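Notes follow the structure.
The values are calculated or read from the model by the stated rules, or taken from the named source; none is laboratory data. Just so you know, these numbers come straight off a predicted model, no measurement behind them. Methodologically, a virtual Cβ is constructed for each residue, glycine included, from the backbone with ideal geometry; neighbour enumeration extends over all protein chains shown.
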Amino acid sequence: MSLRTYDELNLSAAGQTVPYQASISLPDDCIFSDLYVMKKLIKDIVTAAISCGLVAACAAPGDGPPRGQDMDYQGSDCISIRTIRDYTPLDRQSLLIEAAAKQHYYVTLALSSFELRSSFQLGFSSRDDWLCPYGGDEIVFDSFSDQRMGIRAISKITKEQAEELLIRHGKKAPPEQIDPAPAVGNGAEVEELG
């Protein structure tokens with residue numbers, strides 16, 4: 001079995017002979033058409049596009065406001081559902097939950113949802129009395145939509161961190177910075193010329 005190039009196959013079918021050129025090599029008994037070349041070309045283009053997309057996704061900066069460096073955003077804390085007193089949606093994927101004894105929790109949902117910011121009430125779906133980021137626990141938006149969203153992370157945070165999150169997400173005005181008064185000196189001494 002000898003190998004021939006695509007160009008040799010086309011020209012030999014027309015009765016011409018050509019010297020060897022670099023191209024796709026095929027066996028003699030292969031019935032070859034432009035379809036094979038098109039499939040290979042499409043496969044190469046799709047592979048290159050997917051590779052470029054993956055590289056761009058890995059290099060892209062995270063969306064949303066900058067995050068504080070001292071906060072654990074991948075926490076696996078749990079909240080007793082009975083102690084939840086209030087919640088504040090921060091964006092489409094995160095909320096701040098206040099529990100009894102002024103404990104604060106930063107909750108990140110598995111996916112972003114427009115329902116989070118527009119819901120009037122939240123419910124919780126859990127197998128026990130604890131809301132955790134594992135075990136299939138979910139947050140339920142309004143009784144009207146019955147949309148459920150899994151929880152990616154729950155992190156217990158301090159009151160100062162909760163204030164920082166509220167300010168960063170525009171839910172609370174930042175404290176006013178008081179400009180320091182200029183230092184009072186002894187005054188300038190004037191030297192008389194003359």
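Among (1) at pLDDT below 90; (2) surrounded by fewer than 17 Cβ atoms within 10 Å (Cβ to Cβ), which single condition is Asp129 missing?
Here Asp129 meets the rest and fails (1).
Evaluate the following for Asp86: is it at pLDDT 90 or above, charged (D, E, K, R) and exposed (fewer than 14 other Cβ atoms within 10 Å of the Cβ)?
So Asp86 passes the test.
Can you work out which of the residues in the stretch 101-111 that are modelled with pLDDT under 90 and under 20 Å from Gln161 (Cβ atoms) is surrounded by the most Cβ atoms within 10 Å (Cβ to Cβ)?
Looking at the filtered set, the residue picked out is Lys102.
Yes or no: Phe114 over 18 Å from the mean Cα position of the chain (by Cα), at pLDDT below 85 and either surrounded by 19 or more Cβ atoms within 10 Å (Cβ to Cβ) or aromatic (Phe, Trp, Tyr) (or both)? Walk me through it before giving the result.
Details: over 18 Å from the mean Cα position of the chain (by Cα): no; at pLDDT below 85: yes; either surrounded by 19 or more Cβ atoms within 10 Å (Cβ to Cβ) or aromatic (Phe, Trp, Tyr) (or both): yes.
No.
Please state which of the following conditions Ser94 fails to meet, knowing it meets all the rest: (1) among the hydroxyl-bearing types (Ser, Thr, Tyr); (2) at pLDDT below 90; (3) touching a helix residue (DSSP H, G or I) at 6+ places or on another chain (Cβ under 9 Å).
Among (1) among the hydroxyl-bearing types (Ser, Thr, Tyr); (2) at pLDDT below 90; (3) touching a helix residue (DSSP H, G or I) at 6+ places or on another chain (Cβ under 9 Å), Ser94 violates only (2).
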